[in-house]
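Okay, so here's the structure we're looking at.
The values are calculated or read from the model by the stated rules, or taken from the named source; none is laboratory data. Here the structure is a predicted model, which is why all the values come from computation and not from measurement. Counting neighbours? That spans all protein chains shown, and the Cβs are built from the backbone with ideal geometry, glycine included. Ligands, DNA and RNA are stripped out before the accessible areas are found, and what is left, the full protein with its side chains, is counted by its heavy atoms. Shrake-Rupley method; radii C 1.70, N 1.55, O 1.52, S 1.80 Å.
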Amino acid sequence: MSDNVNHSQHYPRPPFPKQPQTPPGLASEMKPIPDHGETSYKGSGRLLSKKALITGGDSGIGRAVAIAFAREGADVAINYLPEEESDAETVIELIRAEGGKAIPIPGDIRDEAFCGALVEKAVQELGGLDILVNNAGRQQYCESIEDLTTDAFDATFKTNVYAPFWITKAALRHLQANAVIINTSSVQAFKPSAILLDYAQTKACLVAFTKALAKQLGPKGIRVNAVAPGPYWTVLQSSGGQPEEKVQQFGADAPLGRPGQPVEIAPLYVTLASDACSYTSGQVWCSDGGTGTL
Ligand code: NAD
Ligand code: MG
């Protein structure tokens, strides 16, 4: 993995400038702009001719996964919200410029009908589906349960819990033996922050979803795993995911003294998705800069 990324000391460290954005925010407006592997990720044919659907593939971890999968030889479809079109275009253009197939499918995954349509469009455009990455997420901090509205709670659960359920269900009709599902959970599933009461619950849901589904789909030869990121430098945090003072110090508490860059977690997704990992299912792989907690 180490030859895929720069040495960890080269990556930005806190303090970072204040940079509030309205959710979902744009990676292109972050300071510094995250490293999604645009110039640094090198593939080695580990996902040749695989077909992958990645939600939240416009920015952050999802963009890094899309770029890495494409460089490993996969065709990719990405979903994102319409207001993120400019971030999505950057990914699509980059992959296509390198000769890869990249399909943009904008739309809101809080809608069950759209989730079904998303899968059908991805399957139609890609000519099948081998890898599903449920990565999109909503994170809005709230200091007190008394201020957490039902609408906000509902939006977090619709995005982070219902959508992976709906998308996975729709995808199952198309997944064959050796297919792979990867869910993006979080260290919040195991060490919830006081201000992320709803978000942390959804990420714990994804761990249980991953483990139960791995048992259900094992007999069909379909593997299901989760990745649990620690602090990664993405627009999720600066568009209401954390208070701005925390964004300025983001990653300072990690033993490596900085947040991870999205490119640094993409290798976990590539490895889980590849046939080389054919006996690994029902697992949660963590990357959090060194706490050793999980
Ligand atoms: P990000 O903001 O770049 O990506 C999240 C994406 O979710 C957005 O780009 C957006 O396209 C998508 N999304 C949100 N609501 C949506 C909706 N209603 N319909 C369609 N798409 C929607 O941030 P990220 O940090 O790369 O987030 C990716 C995943 O990683 C999320 O599940 C997040 O919870 C998880 N995660 C992030 C961190 C971190 O520190 N950045 C830590 C742990 C887990
Ligand atoms: Mg985005």
Legend entry - Residues that are farther than 26 Å from Arg258 by Cα, out of contact with any strand residue (DSSP E or B) (no Cβ under 6 Å at 6 or more places or on another chain) and open to solvent by 40 Å² or more (accessible area, probe 1.4 Å), drawn from region 34-57: Ser44, Arg46, Leu48, Ser49
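Quick check on my filter: what residues within region 235-259 are in a helix (DSSP H, G or I), aliphatic (A, V, I, L, M) and farther than 22 Å from Thr156 by Cα? Show your work before the answer.
Within region 235-259, the subset in a helix (DSSP H, G or I) is 235-241, 244-248.
Remaining after also requiring aliphatic (A, V, I, L, M): 235-236, 247.
Once the filter is applied, which keeps residues that are in a helix (DSSP H, G or I), aliphatic (A, V, I, L, M) and farther than 22 Å from Thr156 by Cα, region 235-259 yields nothing.
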Inset, instruction - Return only the number of the condition from (1) surrounded by fewer than 22 Cβ atoms within 10 Å (Cβ to Cβ); (2) more than 17 Å from Ile131 (Cα to Cα) that Ala276 does not satisfy. - result: (2)
Legend entry - Residue list for region 161-214, restricted to those being without any contact (Cβ under 8 Å) to a residue 60 or more places away in the chain, among the charged types (D, E, K, R) and open to solvent by 20 Å² or more (accessible area, probe 1.4 Å): Lys169, Arg173
Legend entry - Only listed residue being within 16 Å of ligand 2 (Cβ to nearest atom), under 25 Å from Leu132 (Cβ atoms) and not charged (D, E, K, R), chosen from Ser28, Ser59: Ser59
Legend entry - Residues (closer than 16 Å to Gly137 by Cβ and out of contact with any helix residue (DSSP H, G or I) (no Cβ under 8 Å at 6 or more places or on another chain)) located in region 169-186: none
Inset, instruction - Would you mind telling me which numbered condition in (1) farther than 24 Å from Leu26 by Cβ; (2) away from ligand 1 (no atom under 13 Å from the Cβ) Phe157 fails? - result: (2)
Inset, instruction - Determine whether Asp87 is within 16 Å of ligand 2 (Cβ to nearest atom), touching a helix residue (DSSP H, G or I) at 6+ places or on another chain (Cβ under 8 Å), open to solvent by less than 50 Å² (accessible area, probe 1.4 Å) and not in a helix (DSSP H, G or I). - result: no
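Of all residues in region 90-99, which are open to solvent by 30 Å² or more (accessible area, probe 1.4 Å) and more than 11 Å from ligand 2 (Cβ to nearest atom)? Working first, answer last.
Going through region 90-99, the residues open to solvent by 30 Å² or more (accessible area, probe 1.4 Å) turn out to be 90, 93-94, 96-99.
Within region 90-99, Glu93, Leu94, Arg96, Ala97, Glu98, Gly99 qualify.
If I filter region 68-78 for residues that are more than 10 Å from ligand 1 (Cβ to nearest atom), over 24 Å from Ile33 (Cα atoms) and in contact with a helix residue (DSSP H, G or I) (Cβ under 7 Å, 6 or more places away or on another chain), do I get at least one hit?
Yes - at least one qualifying residue is present in region 68-78.
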